[in-house]
Amino acid sequence: MHGLLDTPAVFNALIRELAGRRQPLLIPHLPLRLGRTSIERSATLLGRQIEAAFGAQEPVDLLGFSMGGVIGRCWIQRHGGHRRTRRFLSVGSPQQGTLTAQPWPGWLFQGIADLKHDSALLRALNSDLAPLRPIDCHSFYSALDLVVLPGWKAVLPVGRCTMLPVLTHPQLLRDRAAIRPLAMELLRP
């Protein structure tokens, strides 16, 4: 799942690195409307696309970048995705909120407001981690990320964490130093 100002093209470097070794892939386009679409609504749309592509039962692995990681987590925890998710990779996703979301009003930019520190959505997700526990979760982040601020807030409350040696948020899916470990994790049996 892509982030706020991204399209599925943000995954092109990762797709090239995978070189067809991971099929089939679903790279959904989510209409985030510059952050006006709530995370809950986006999670519902994600679930529909997953079901259309893989049916209702096929196990899936998810990778979400930035806002897309929180959307994926919401689908897992609140929309039944935990029943079919094997692995969840969260890449530069404000799973614990971000200071950059603080000034945005929820009445206009609900999706961004959902990413505020201590938002109602993040409190709800953090209050019941049981759906995440059986899933192989792995958070990837940049300590110097200026989109998820501070960078160490881009981690799930369960699972493994890996700091990637990149300086900016976009480099998490563009720089070879980040792409290689992500591909290795996706190709791991």
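Some values worked out for this structure:
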{"item": "Residue tally, condition out of contact with any Phe, Trp or Tyr (no Cβ under 6 Å at 6 or more places or on another chain), without any contact (Cβ under 8 Å) to a residue 60 or more places away in the chain and not in a helix (DSSP H, G or I), over segment 8-34", "result": "10"}
{"item": "Selection from segment 171-185 of residues that are over 14 Å from the mean Cα position of the chain (by Cα) and not in a loop (DSSP other than H, G, I, E, B)", "result": "171, 176, 177, 178, 179, 180, 181, 183, 184, 185"}
{"item": "Any hit, segment 161-169, residues being among the aliphatic types (A, V, I, L, M) and within 19 Å of residue 73 (Cα to Cα)", "result": "no"}
{"item": "Within segment 78-110, tally of residues that are closer than 16 Å to residue 131 by Cβ and crowded, with 20+ Cβ neighbours inside 10 Å", "result": "5"}
{"item": "Subset of segment 151-160 that is outside any loop (DSSP other than H, G, I, E, B) and of a type outside the set (Lys, Arg) - its residue that is surrounded by the fewest Cβ atoms within 10 Å (Cβ to Cβ)", "result": "152"}
{"item": "Members of segment 111-150 found to be surrounded by fewer than 20 Cβ atoms within 10 Å (Cβ to Cβ) and part of a helix (DSSP H, G or I), listed by number", "result": "120, 123, 124, 126, 127"}
{"item": "Selection count where residues are in contact with a Gly (Cβ under 6 Å, 6 or more places away or on another chain), part of a strand (DSSP E or B) and among the aliphatic types (A, V, I, L, M), scope segment 35-70", "result": "1"}
{"item": "Scope segment 29-73; condition within 17 Å of residue 148 (Cβ to Cβ) and either charged (D, E, K, R) or more than 17 Å from the chain's Cα centre (by Cα) (or both); matching residues", "result": "73"}
{"item": "Given (1) closer than 19 Å to residue 178 by Cα; (2) in contact with a strand residue (DSSP E or B) (Cβ under 9 Å, 6 or more places away or on another chain), index of the condition residue 94 fails", "result": "(2)"}
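Here, each number is a calculation from the coordinates, and none is a lab measurement. Because the structure is a prediction, the values reported are computed rather than measured. Cβ coordinates were reconstructed from backbone atoms using ideal geometry, including for glycine residues, and neighbour counts include every protein chain displayed.
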